[in-house]
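Data first, discussion second: the structure below is written as structure tokens.
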Amino acid sequence: MTGVILAGGSSDRMREPKHLLVMGGQTLLARAVARLRPVVSGIVVSGGGDAAGQWDTITDTFPSGGPLAGIHAALAATGDTCVVVACDMPFFSPGLLALMEQEMGDALVAVPKVGPYHEPLHAVYRPECENYIRALFEDARAGYAGSDDAAARAPNARQAQSPRVADLFPRVKVHVVEEDVVRRFGDPGTIFFNINKPRDYVAALQTLERMEGLRDPS
């Protein structure tokens, strides 16, 4: 089982590369690697630029394809079951991810669901998903290339028209991990918290400080 850390994205709202933000003396990328390593046999990083050079990195087959392109690239490169997390999700649960893989049976995806929302960037993908994802991109790009609408063919339209991770789910068997299972590993609002804006970073630092205070025996 391979761990995949998604460290791409433009970080426009954060105004600086999110994977280089520091928490607990580590960058978010290094923190994600350290947290994921105990439950996987190896780790690859999608994105991250030069900062990811100390780890195995992968390049998207479908550029500007968002998180789904990173998942596809990891599946294609490793041919392995991939445990996927976003590096801007600093409190993801390695234990929950390990349980998800153990209990997914013959499903091709295991994904948590809290309320009406899935968490596709805290999920497990079997290698067979690679062909389904490729088909999604090929269908989307065929529609992009064949469009008669000039606006739809503008340079910034390709990413907008790329499939989302959730578009994969109707095409494969999915094991949904319900909220009661998630809560055995912690508060879902903390586990799936992600950093998009400067205020989110401040909130994450405050959460980490509280967690460390609870662990301090003094």
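The values are calculated or read from the model by the stated rules, or taken from the named source; none is laboratory data. Note that the coordinates shown come from a computational prediction; the quantities given were computed from them, not determined experimentally. FYI the Cβ positions are ideal-geometry reconstructions off the backbone, even for glycines, and counts take in every protein chain you see.
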- Single residue of the range 47-75 satisfying the filter (at pLDDT below 85 and of a type in the set (A, V, I, L, M)) that is farthest from Val109 (Cα to Cα): Ala51
- Message: I need every pair where a residue in the range 93-118 that is β-branched (Val, Ile, Thr) has its Cβ under 6 Å from the Cβ of a residue that is part of a loop (DSSP other than H, G, I, E, B), sequence separation at least 6 or different chains.
- Response: Val109/Val172; Val111/Pro120
- Message: Among the residues that make up the range 7-22, is at least one of them under 16 Å from the mean Cα position of the chain (by Cα) and either at pLDDT 95 or above or in a strand (DSSP E or B) (or both)?
- Response: yes
- Item | Candidates Pro120, Pro112, Pro67, Pro90, filtered to the one that is under 26 Å from Ala203 (Cα atoms), assigned to a strand (DSSP E or B) and either out of contact with any Asp or Glu (no Cβ under 7 Å at 6 or more places or on another chain) or not basic (Lys, Arg) (or both) | Pro112
- Task: Quick one: in the range 176-192, of everything that is under 22 Å from Tyr125 (Cα atoms) and β-branched (Val, Ile, Thr), which residue is farthest from the chain's Cα centre (by Cα)?
- Result: Val181
- modelled with pLDDT of 95 or more, touching a strand residue (DSSP E or B) at 6+ places or on another chain (Cβ under 8 Å) and of a type in the set (Ser, Thr, Tyr) - does that describe any residue in the range 109-127? yes
- What number of residues within the range 99-111 are over 16 Å from Glu179 (Cα atoms) and either among the small types (Gly, Ala, Ser) or within 14 Å of the chain's Cα centre (by Cα) (or both)? 3
- Message: For the range 157-198, give me every one of the helices (runs of 4 or more DSSP H) that falls completely inside it and has 1 or more residues that are surrounded by 13 or more Cβ atoms within 10 Å (Cβ to Cβ) and at pLDDT 95 or above.
- Response: 179-182, 188-191
- Taking the range 184-208 and keeping residues more than 15 Å from Ala86 (Cβ to Cβ) and either in contact with a Cys (Cβ under 9 Å, 6 or more places away or on another chain) or polar (S, T, N, Q) (or both) leaves Gln206, Thr207
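Take the range 123-136 and flag every residue that is in a helix (DSSP H, G or I), hydrophobic (A, V, I, L, M, F, W, C) and in contact with a helix residue (DSSP H, G or I) (Cβ under 7 Å, 6 or more places away or on another chain).
Quick first cut of the range 123-136, residues in a helix (DSSP H, G or I) only: 129-136.
Next, from what is left, pick out any that are hydrophobic (A, V, I, L, M, F, W, C): 129, 133, 135-136.
If the condition is that a residue be in a helix (DSSP H, G or I), hydrophobic (A, V, I, L, M, F, W, C) and in contact with a helix residue (DSSP H, G or I) (Cβ under 7 Å, 6 or more places away or on another chain), then Cys129, Ile133, Leu136 are the ones that fit.
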